[in-house]
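Peer 1: Pasting a structure here, questions to come.
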Amino acid sequence: MTGINRRQFLGWVAASTVLLQSSAAQGYSSKASEASQRFASASQGMDGQHYLNLFNGLGKQLIRHPLPCRAHQIVSHPIQPWLFAVSRRPGTSIDVLDYQSGRQVQRIMCADGYHLYGHAQISADGRYLLTTEKSGQHEHGRIVIRDIKINFEIVEEYSSAGIGPHELRLSPDQKTLVIANGGIKTQGREKLNLESMQPSLVYLDLHTGQPLEQVRLPEEYHQSSIRHLDIATDGQVLIAMQYEGNPGDTVPLIAYHMRGESIQPLSIPSGIHSRLHQYCGSACFDSSGQFAAVSSPRGNIITLWDMKTRQFSNAAKVKDGCGLASTGRPGEFLVSSGTGQLYMLNALTSARPSLLAAADNIRWDNHLAFISQT
């Protein structure tokens, strides 16, 4: 990183807490109609074409932008009306779309020898794009930081302090990056080290790139791959895992973590645990931070949790349901399925999801994003 860019980057770290608080204060109004809400997800059409989709809270499609390959997560810019479609591993491109004009702003390409893991974050001031990536020259994953204002130029790169980083999140104070290192060494889509994998949850200092804290499950659960996460405003981290061992084992699949403590698995009722098929997809806190949802597309189920008591609350049946997004209302989540349905689910009122929309010609991908209006 050049001297001026490093100063700008560190200045952002100091300033973004105020920006984040301002953004939260202007958050989504619970009185706004579903039609005014905006959500985004990647999808695949029946013809095999991949898309970035923007739709409202009633499930009405607003934009359908073709992509060069399958995307995994969609993230939104906090200031500009831009959506970022991040390619699924081992893709190498991120499409940036202006959702007001419908035009493509940029197609960002990875550096030679790098590929994406499907997830990204944008700093609260809109200046920096952070991605999890893999380089053939490094055993551990890479956190790549691009300056959006200077044509997405790479200005910093850190080690993720583990193999196979997947989802990453910025802490509420924007000073720390939280990374789910899945622990799986891959070549393309092939998994190479399942017997020796060591997943971890890592907290990186954004000033220096140095690990502040790294935690793992007990060794007997080393095949519980830490893949997806979400962070509540109090810093509590919700963790969703995928187990790579014996399908008949009873192992942690959902957990939480607070800084300075060990990872604490959540107690899943035995009848629910067996239905998850050792695979959890997305993890999501609601707008209040009290409730959480974790999806299992292989098990056709969404589990709901009271994170104040850290107890299982309920479960909802959703065929191939994976994408989750908080709507901005306490206890409420939007759910997408690989079979083309969009549902609304409320942890406070019922475990029965309400169907918003259904399409025979579309398959929603793994993740959903709530889009704050700029």
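Peer 1: What span do the alpha-carbon atoms of region 63-163 cover on each of the three principal axes, reported in whole Å from largest to smallest?
Peer 2: The Cα atoms of region 63-163 stretch 41, 28, 19 Å along the principal axes, largest first.
Peer 1: Rg and Dmax in Å for region 40-93, alpha carbons only: what are they?
Peer 2: Just the Cα atoms of region 40-93 yield Rg and Dmax of 11.3, 34 Å.
Peer 1: If you don't mind, there's one more thing I want to ask. Once the principal axes of the Cα atoms of the chain are found, what is the range along each, listed largest first in whole angstroms?
Peer 2: 56, 49, 42
Peer 1: May I pose another question? Give me the mean projected area, in nm² to one decimal, of the convex hull enclosing the Cα positions of region 153-259.
Peer 2: 7.6
Peer 1: Please state the charge dipole magnitude for region 228-374, taken about the Cα centre, from unit charges on C-beta atoms (+1 on K and R, -1 on D and E), reported in debye and rounded to the nearest 20.
Peer 2: So the magnitude is around 280 debye.
Peer 1: Carbon and sulfur together cover what percent of the accessible area of region 97-173 at a 1.4 Å probe radius?
Peer 2: Answer for region 97-173: carbon and sulfur cover 41 percent of the accessible area.
Peer 1: Along region 89-97, what does the Karplus equation 6.51 cos²θ - 1.76 cosθ + 1.60 (θ = phi - 60°) give for ³J(HN,Hα), rounded to whole Hz, x for Gly and Pro?
Peer 2: Calculated HN-Hα couplings, in order: 3, x, x, 10, 10, 10, 8, 10, 10 Hz.
Peer 1: Another question, if that's okay. Assuming 0.36 nm per residue, please report the length gained on full extension of the stretch GLN198 to GLN214 beyond their Cα-Cα distance.
Peer 2: Contour length minus the Cα-Cα distance gives 4.6 nm.
Peer 1: Using θ = phi - 60° and the Karplus curve 6.51 cos²θ - 1.76 cosθ + 1.60, what whole-Hz ³J(HN,Hα) does each residue of region 113-123 get, with Gly and Pro shown as x?
Peer 2: Those phi angles translate into x, 10, 9, 8, 10, x, 10, 8, 9, 10, 4 Hz.
Peer 1: Give a residue-ordered list of calculated ³J(HN,Hα) values for region 196-211 (Karplus: 6.51 cos²θ - 1.76 cosθ + 1.60, θ = phi - 60°; whole Hz; x for Gly, Pro).
Peer 2: Here the 3J(HN,Hα) series is 10, 4, 9, x, 7, 10, 10, 10, 10, 6, 6, 5, 10, x, 7, x Hz.
Peer 1: Charges only on Cβ, +1 for Lys and Arg, -1 for Asp and Glu: so what's the dipole of the chain about the Cα centre, in debye to the nearest 20?
Peer 2: Using only the charged Cβ atoms, the result is roughly 680 debye.
Peer 1: Amide H neighbours of VAL318 under 5 Å, counting only residues 5+ apart in sequence or on other chains, H built in-plane at 1.01 Å?
Peer 2: The answer is ILE301, ILE302.
Peer 1: Of ILE94, PRO78, HIS50, whose Cα points farthest to the positive end of the dipole of region 42-119 (charges on the beta-carbon: +1 Lys, Arg; -1 Asp, Glu; origin at the Cα centre)?
Peer 2: HIS50
Peer 1: What's the long-distance tail for region 228-355, i.e. % of Cα pairs beyond 22 Å?
Peer 2: The answer is 28 percent, as a whole percent.
Peer 1: Sticking with this structure for a sec: For ASN53, what is the net charge nearby, where nearby means another residue's Cβ is under 12 Å from its Cβ and Lys, Arg count +1, Asp, Glu -1?
Peer 2: Value of the local net charge: +3.
Peer 1: Taking the Cα centre of region 74-233 as the origin, how large is its charge dipole in debye, to the nearest 20, when only Lys and Arg (+1) and Asp and Glu (-1) carry charge on their Cβ atoms?
Peer 2: Magnitude of the dipole: close to 420 debye.
Peer 1: Would region 136-216 count as rounded, prolate or oblate if I go by the C-alpha gyration tensor, calling it rounded below 1.5 in a/c and otherwise prolate when a/b exceeds b/c, oblate otherwise?
Peer 2: Since a/c reaches 1.5 but b/c is at least a/b, the shape of region 136-216 is classed as oblate.
Peer 1: Taking a cut-off of 16 Å, what percent of all Cα-Cα pairs in region 325-368 are separated by more than that?
Peer 2: Looking at region 325-368, the distances longer than 16 Å represent 37 percent of pairs.
Peer 1: Any idea what the relative contact order of the chain is, in percent, if you count C-alpha pairs under 8 Å spaced at least 6 apart?
Peer 2: 13
The values are calculated or read from the model by the stated rules, or taken from the named source; none is laboratory data. This structure is a prediction, so every number in the text was calculated from the model and none was measured. All Cβ positions, glycine included, derive from the backbone under ideal geometry; neighbour counts span all protein chains shown. Note: accessible area is taken over every heavy atom of the protein model, side chains too, but ligands, DNA and RNA are not part of it. Shrake-Rupley method; radii C 1.70, N 1.55, O 1.52, S 1.80 Å.
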